[in-house]
1. Restricting to Cα pairs below 8 Å that are 6+ residues apart, what does the relative contact order work out to for region 79-180? Please round to a whole percent.
2. Starting from the Cα of Gln133, step 7 Å along the direction of its Cβ; do the same at Arg298; then give the gap between the two resulting points in nm.
3. Within a Cβ distance under 15 Å of Glu322, other residues only, what is the Lys/Arg minus Asp/Glu net charge?
4. Given a cut-off of 27 Å, name the pairs among Lys143/Lys197; Lys197/Lys313; Lys3/Lys256 whose C-alpha atoms lie farther apart than that in the structure shown.
5. Provide the descending list of Cα extents for region 163-218 along its principal axes, expressed in whole angstroms.
6. Find how many whole Å separate the alpha carbon centroid of region 275-337 from the alpha carbon centroid of region 203-262.
7. Evaluate the distance, in nm, between pseudo-label points positioned 7 Å from the Cα of Glu320 and of Ser112 along their respective Cα→Cβ axes.
8. From the Cα gyration tensor of region 218-337, with a ≥ b ≥ c the square roots of its eigenvalues, which class applies: rounded if a/c is under 1.5, or else prolate if a/b is larger than b/c, or else oblate?
Amino acid sequence: MTKERRRILDMLAAGKVTVEEAEHLLEVLQGTRKRHRTIPNVEVLQDSLEGLEEIPNVEALQDSSEAPESDNDARDQDGKAARRDDTFAVGDNPRLVVRGFNGRIRVHAGESGSIHVRARLKKPREIQYSATQEGDFVAVEAKPDRPSAGFPHGFSRQHPGANIEVTVPVTTSVDLATSNGPVELRGTERGGTVQTKNGPIRVEQFKGALNATTQNAPLAIKTLSGSAELATSNGRVSIEDAHGCFNARTTNGTIKFQGSLAPGNSNRLSTTNGNIKVALDAEPSLALTAATTNGRVRCEVPGFVASVEKRHKLEGTIGEGEAELIAQTSNGSIALQ
C-alpha cells in the first residue's frame, strides 16, 4: 500500500473525510498515477484538516483538465436523469423528511412559501428516488434498487448513492437520515432529528429541540437555542454559542461546550476517552457534579462553592444552583471556566 493511499485511509478512520470524499481522493490518486505524476495535495490536505469543523470540499480536488459535465453526461445509459430538481409550495409550518444513502444531505433555510429539493444521483438506474408532497409535508427518499446496491465495495465509484440539498422555510421541522455521508443543517427554528452513519454532523443557527446521532465521526453545533440530545462514537463533540438544555455523549473523543444552561434543567456531558471543557457565559447558576477516573477535575468559575473537592471528583454550586450539570469521563480531564 502506498503512503498516499494510507494517508487517505487514516483520514477516513479519523472521521476527517467521509467514505464518499475518500473515494474521490483515491480516484484522483489513481488518475494522476496513470498520467505518471504524483498527487500534490494529499499531504497538505491531511495537515490542513486538523481541527477543521467545516466539511472539506474534496470534489474540488478533481483534475481541472476534466471536461465539464454536459446534459448528456448527467444521464445514465437508459436516459434516466442523474440530477433531479423539484419545488413544492408549502404553508407556514411545513415538515421535511429526507432519507438518503452513500451521500450527503444539506438543508438550509431560505425564503418562506416553498421547499426546493435538488438531488444528484450516482448510478441512478440502481436507485429508487422520489420527492413527494402531501399538504405541508414533503418527503424525499433515495434508496438502493436492490439490497446489495447500497453497500460500498472497496473504494470505487461503482456503487450508487445520492447527494441531496434542500432549501426550506425557517419554520420547517426536519427529519434527516443518511448513511456513509455528512449531514448539514442551517437556519431552521422548529426542531428536528438528524442521523447518519460514518459521517460528520454540523448544525448551525438552530432553534428548538434537536436530536443528532452519528458514528465514527465528529458532531458540531454552533449557535443553538433550545435543547439538544447529541451522540457519537469515535468522534469529538463541539457545542458553541449554545443556550438551553444539553445532553452530549461520545466514546473516544473530547467534548467542548460554550454557552449557558437554562434554569430548571439537568445537563450531562459524558465521554470515555477524552477531555471535557466547559466555558459558561454571563453569570451561571448551576449545581455541578464532575468526575473522572484517570485525570483531573477543576472549576475556575468565580463564585464556585465546593462541597466535595478531590483530584478526580468535584461537586458544588455556582450562584443559586438553578441548573444541573453532570460531567463524566474515564480517561481525561474536566475543566470549567
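1. Relative contact order here is 43 percent.
2. That separation, rounded to one decimal, is 5.8 nm.
3. Result for the local shell: -4.
4. Lys197/Lys313; Lys3/Lys256
5. 30, 22, 15
6. What the calculation gives is 18 Å, centre to centre.
7. 3.6
8. oblate
Laboratory data are not the source of any read-out in this text; all were calculated from the coordinates shown. This structure is a prediction, so every number in the text was calculated from the model and none was measured. We place every Cβ from the backbone using ideal geometry, glycine too, and count neighbours over all the protein chains shown.
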